[in-house]
């Protein structure tokens, strides 16, 4: 289908992009790969007045180190994320989850920042960012601000990004110590969105689980942390029984939707199974 | 070259049987060809269809003024504007004399009966202009209650789809073997039976989901019209459009250029084809319409859609005694080309490969407020095969017998062919035992059974099951007299002609229009062998009623069996005509001539030879040819089969079921198909793979889901799950060969085999894995949720929630209406 008419801007710097957004009128959409935006425009679910295409803003691409953090440019493609050596070293969970996003073609155009700013509850990366306590650096006309992941995802397809603002980079704390990670994704066909998925990062110490961080995909309008399970795992023995017991509370505090792939009660069941599997794998069991 | 070479070693290898790579693929795969939507004509206008967002309503007003005034819009038409000339989409298969057909307007006039039905058409100078103006057409609807569930639709006091009719039942079709004289009394057989097993099975609605969307271009020239359409049936379409629109048949030329798949979904006279022709006539300008994927999913016809009540009777030893089938078949809102005939065609296949003494079939065609159903790969036969192969497993469980042993006990033995079944069909040839043995070996059956046992004993969360489908199907549609006896509106013959060009090259014209099957390659192989010319010297022409004036097109695994036979028969006539010329040129008697490897030679006279390609030049020059013949060796032939052909095979599926999540995963799939003589093993393999993908998809992935208001919630490929190669297992395939006696090629047809056979094998395998946990049925598709519920909550997995996924911003909700709403302004940056 053909999108409704729209104005188009293709800035080359962040400043130019902010300018284009400011001048774009009432309803500006940012094209950050377009793997979600273009289809919804073609379906006329979205009919923005102006589309600001970030594909030429090269300063937003790439991954670098900054002290204790990894800094991932918002326009870094999924394909670049998957093969980035820093991510492999310090945040392999991101690479593992990104590798499950859609298909190869989509991963070569879609971007890390675009997926996070889109905040699709069925998307894989928000729960990963949440589990890793990532921080979101947002640029606006009045400078930059940093928002923690817990505050970034506000509601269904809604983030802390205000009108006129732009997500420019994501800072992910480097994990030190003996961390294991796993992304357990459940979907019916390879290219589909997650019905439910669980991102787990587990730090082991002396045969125990010292710390577990668990992000849940598609268990509510925003990504969630499985706080009850995390609490139960802190200091628990790294045994299948202890993990299974802790995973039983994975659905606490969630509010999953019902759709033709899964009704809410089945999602609540699935998240327990997937949490058990993700934590077990991350704990090296 | 030495003079002592053995003639036999010089002879070119036979083409038939060679795994030739398809000569048409390069242009099809790269898209550098004449797909209909690639057509651009001077002055061409573009059509966009305004479609109903509601399932059932009276149209109380349409305001097109804003759309008419939109930039680059030429005109806007409503149903009222076209009511006098649009006629009705034809239904060629009135299965009973009293079948009720409410008529099928191409564009709704007073009432809409399914979501996606056309209510207005915008004509624009560009596709974008027409599309933009769709949103400006304002339609007022007075909502009527939607009729969506077949069992509710046939209940007393049900709301009516068509309020001018007395009920929602279009027809009641009965085949009773006792009455037909092909079997014993069914009621008596059940009364006398020691064991009776009854089940209610559901065939969900499917969407053909061909790769190339439907597309049509019409060019008026004086009082002539040329239509390009992405259709399977240019010849049938020409006849039907002439009847519907009154454009005389000889003023109408239909071209199906390269067509990107159909699976029965393009075996149709589409409303949009009628509308494009009417508007080209009215406007005097070329017009084009190409659907979006969303339009295709909701407005192109669907397939399947049956509730099956099936009863099987046997004695305690497992000898089957009777079969009774009662169907509710979903017609959708209207009858399209062969909507009512699809379940009726299946009527004859429910007995499968088994020797039932008694059989009764009844089917009610039921109207619902959904898009009409019609042919989809297998068309009636997958539904029948599913039912019989599922109920055989259920009977085996009831009797405590091995499902394979039960099948063996009842299937037709190899020495019993030809065998007339209780449905009155004469099965031509085959050996079910041989195919089954080979399939068991391919699967590694014994090892998998042992593993299944181990997993059960250890209580493994991942259980293993093995499912059988020992199937047959009727192909080679069809003997014209049989079609007549079933009230079908046309014949089942096929036509071919061969033109011998002066340079010795060969043009083969086929009436069987391909849409991806590989006719050009296979027909070239047939002709190369028949005429003894190189494969590369043969060109196959098709799909244009001006080039190929006679044809019945492609569906029902008929092309090679019927169309290929017509080609062979035309080639035989070419050789016969060339023989007269050869005798003249060689100054020999026809009786003394041998024809081999493209050359006529005089027996006992070495060196006295003339090639058929040389003869082609000789008759072109026409300087020297026999006085009693015309100077041409071209020929045409029409072949009308006397019987169907009956491919068969054994399909085995080994399935892993994760009892924690309900996820099913095919561990191994092995199938041995007997499709008769194989002309091109590569094409056969490809057809089997594609068929398996679609059959497995019915079992596991695909379903056209409507919500309680009649909205199609699987309105995009986000929610209508078509599996890709990543989701399917390796297929272990093989063939046995029992040539079909009904045609000179010996082919039986392969286009639908994989799709027909695989679905019950997959479902039987999943059930075999979890039957010990108390599961006896799971509704298709076997979503993980349904499997999990069946295991942990009992029942058949139950109804799915109807809402589309929230991914993508809930793409399904508004794509059905094709308009943007306030809810379109979703948050977030994308």
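Please go through region A:99-117 and give me each residue that is at the interface with chain B (Cβ under 10 Å from one of its Cβ atoms) and more than 9 Å from the chain's Cα centre (by Cα), ordered by number.
Passing the criteria: A:103, A:114.
Show the residue pairs meeting these rules: Cβ distance below 6 Å; 6+ apart or different chains; first residue within region A:178-193 and within 14 Å of chain B (Cβ to nearest Cβ); second residue surrounded by 23 or more Cβ atoms within 10 Å (Cβ to Cβ) and assigned to a strand (DSSP E or B).
Note: pairs meeting the criteria are A:184/A:198; A:185/A:197; A:186/A:196.
Right, residue B:244: in a loop (DSSP other than H, G, I, E, B) and either under 17 Å from the mean Cα position of the chain (by Cα) or in contact (Cβ under 8 Å) with a residue 40 or more places away in the chain (or both) or not?
No; evaluated as a whole, the condition is false for this residue.
In region B:764-779, is there at least one residue being under 24 Å from residue B:694 (Cα atoms), more than 7 Å from chain A (Cβ to nearest Cβ) and at pLDDT below 95?
no
What number of residues within region A:133-147 satisfy the criterion of being more than 13 Å from every other protein chain (Cβ to nearest Cβ) and crowded, with 24+ Cβ neighbours inside 10 Å?
1
So which strands (runs of 3 or more DSSP E) stay within region B:41-153 end to end and still have 1 or more residues that are within 14 Å of another protein chain (Cβ to nearest Cβ) and at negative phi?
Qualifying strands (runs of 3 or more DSSP E): B:45-51, B:118-124.
Looking only at residues in region A:1-24 that are within 13 Å of chain B (Cβ to nearest Cβ) and over 17 Å from residue A:74 (Cβ atoms), which one is surrounded by the fewest Cβ atoms within 10 Å (Cβ to Cβ)?
Restricting to residues being within 13 Å of chain B (Cβ to nearest Cβ) and over 17 Å from residue A:74 (Cβ atoms), the top hit is A:5.
Anything in region B:391-428 that is under 22 Å from the mean Cα position of the chain (by Cα) and either outside any loop (DSSP other than H, G, I, E, B) or over 22 Å from residue B:477 (Cβ atoms) (or both)? List them, or say none.
Across region B:391-428, the qualifying residue is only B:427.
Among the numbered conditions (1) more than 7 Å from every other protein chain (Cβ to nearest Cβ); (2) more than 30 Å from residue A:75 (Cβ to Cβ); (3) at pLDDT below 95, tell me where residue B:803 comes up short.
For residue B:803, the exception is condition (1).
Among residues belonging to region A:194-206 that are touching a helix residue (DSSP H, G or I) at 6+ places or on another chain (Cβ under 8 Å) and part of a strand (DSSP E or B), point out the one that is nearest to the other protein chains (Cβ to nearest Cβ).
This residue is A:196.
Got a sec? Which of A:154, A:147 is touching a residue at least 60 places away in the same chain (Cβ under 8 Å), farther than 21 Å from residue A:57 by Cα and assigned to a strand (DSSP E or B)?
Every option except A:154 fails the conditions.
When you scan region A:227-285 for helices (runs of 4 or more DSSP H) that lie fully inside it, which ones turn up with 1 or more residues that are more than 30 Å from residue B:715 (Cα to Cα) and within 14 Å of another protein chain (Cβ to nearest Cβ)?
Where helices (runs of 4 or more DSSP H) fall fully within region A:227-285 and carry at least 1 residues being more than 30 Å from residue B:715 (Cα to Cα) and within 14 Å of another protein chain (Cβ to nearest Cβ), they are A:240-247, A:264-282.
Given the options B:679, B:718, B:672, name the one that is touching a helix residue (DSSP H, G or I) at 6+ places or on another chain (Cβ under 7 Å), at pLDDT below 95 and not in a helix (DSSP H, G or I).
Working: B:679 fails: at pLDDT below 95; B:672 fails: at pLDDT below 95.
So the residue among B:679, B:718, B:672 that is touching a helix residue (DSSP H, G or I) at 6+ places or on another chain (Cβ under 7 Å), at pLDDT below 95 and not in a helix (DSSP H, G or I) is B:718.
Residue by residue, here is whether (1) surrounded by fewer than 19 Cβ atoms within 10 Å (Cβ to Cβ); (2) free of Cβ contacts under 8 Å to residues at least 12 places away in the same chain; (3) more than 25 Å from residue A:156 (Cβ to Cβ) holds:
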| residue | (1), (2), (3) |
| --- | --- |
| A:201 | no, no, yes |
| A:212 | no, no, yes |
| A:225 | no, no, no |
| A:235 | yes, no, yes |
| A:249 | yes, no, no |
| A:260 | no, yes, no |
| A:267 | no, no, no |
| A:280 | no, no, yes |
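Among residues belonging to region B:758-784 that are surrounded by 21 or more Cβ atoms within 10 Å (Cβ to Cβ) and more than 30 Å from the chain's Cα centre (by Cα), point out the one that is nearest to residue B:452 (Cα to Cα).
Here the answer is B:769.
Which of the residues spanning region B:374-393 are closer than 20 Å to residue B:173 by Cβ and touching a helix residue (DSSP H, G or I) at 6+ places or on another chain (Cβ under 7 Å)?
B:374, B:375, B:378, B:379, B:380, B:381, B:382, B:383, B:384, B:385, B:386
Within region A:148-169, which residues are closer than 23 Å to residue A:202 by Cβ, crowded, with 21+ Cβ neighbours inside 10 Å and more than 14 Å from chain B (Cβ to nearest Cβ)?
The answer is A:149, and nothing else.
Is it the case, given these coordinates, that residue B:253 is in a strand (DSSP E or B), surrounded by 24 or more Cβ atoms within 10 Å (Cβ to Cβ) and modelled with pLDDT of 95 or more? So that I can check it myself, show each step before the final result.
Numbers: in a strand (DSSP E or B): yes; surrounded by 24 or more Cβ atoms within 10 Å (Cβ to Cβ): no; modelled with pLDDT of 95 or more: yes.
Criteria not met by residue B:253.
Residue check, residue A:44 against (1) touching a strand residue (DSSP E or B) at 6+ places or on another chain (Cβ under 9 Å); (2) at pLDDT below 95; (3) buried (at least 18 other Cβ atoms within 10 Å of the Cβ); (4) not in a helix (DSSP H, G or I), all met but one. Which one?
Going through (1) touching a strand residue (DSSP E or B) at 6+ places or on another chain (Cβ under 9 Å); (2) at pLDDT below 95; (3) buried (at least 18 other Cβ atoms within 10 Å of the Cβ); (4) not in a helix (DSSP H, G or I) one by one, residue A:44 breaks only (1).
Would you check which residues across region B:411-439 are more than 17 Å from residue B:748 (Cβ to Cβ), touching a residue at least 40 places away in the same chain (Cβ under 8 Å), surrounded by fewer than 20 Cβ atoms within 10 Å (Cβ to Cβ) and touching a helix residue (DSSP H, G or I) at 6+ places or on another chain (Cβ under 8 Å) and list them?
Selection gives B:424 alone.
Can you pull out the residues in region B:179-188 that are more than 19 Å from residue B:327 (Cα to Cα) and either part of a strand (DSSP E or B) or in contact with a helix residue (DSSP H, G or I) (Cβ under 9 Å, 6 or more places away or on another chain) (or both)?
Scanning region B:179-188 gives B:183, B:184, B:185, B:188.
Listed here are the residues, each with its yes/no results for (1) modelled with pLDDT of 95 or more; (2) buried (at least 21 other Cβ atoms within 10 Å of the Cβ); (3) farther than 30 Å from residue B:473 by Cβ.
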| residue | (1), (2), (3) |
| --- | --- |
| B:600 | yes, yes, yes |
| B:615 | yes, yes, yes |
| B:619 | yes, yes, yes |
| B:622 | yes, no, yes |
| B:625 | yes, no, yes |
| B:631 | yes, no, yes |
| B:639 | yes, yes, no |
| B:644 | yes, yes, no |
| B:647 | yes, yes, no |
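So residue A:39 ticks every box in (1) facing chain B (nearest Cβ under 10 Å); (2) crowded, with 22+ Cβ neighbours inside 10 Å; (3) closer than 21 Å to residue A:76 by Cα but one. Which box is left unticked?
Among (1) facing chain B (nearest Cβ under 10 Å); (2) crowded, with 22+ Cβ neighbours inside 10 Å; (3) closer than 21 Å to residue A:76 by Cα, residue A:39 violates only (2).
So, in region B:782-800, exactly how many residues are at the interface with another protein chain (Cβ under 9 Å from one of its Cβ atoms) and part of a helix (DSSP H, G or I)?
Summing the residues that are at the interface with another protein chain (Cβ under 9 Å from one of its Cβ atoms) and part of a helix (DSSP H, G or I) in region B:782-800 gives 5.
So which residues in region B:328-359 are over 24 Å from residue B:420 (Cα atoms) and not in a loop (DSSP other than H, G, I, E, B)?
B:328, B:329, B:330, B:331, B:332
Looking at B:323, B:345, B:327 in this structure, which one is more than 30 Å from residue B:34 (Cα to Cα), touching a helix residue (DSSP H, G or I) at 6+ places or on another chain (Cβ under 8 Å), at pLDDT below 95 and assigned by TED's automatic domain parsing to the domain that holds residue B:190? Before the answer, list the steps.
Working: B:323 fails: at pLDDT below 95; B:327 fails: at pLDDT below 95.
Within the list B:323, B:345, B:327, the selection yields B:345.
The values are calculated or read from the model by the stated rules, or taken from the named source; none is laboratory data. Predicted, not measured: the structure shown is a model, and the values here were computed from it. Every residue, glycine as well, gets a Cβ built from its backbone with ideal geometry; the counts of neighbours run over all protein chains shown.
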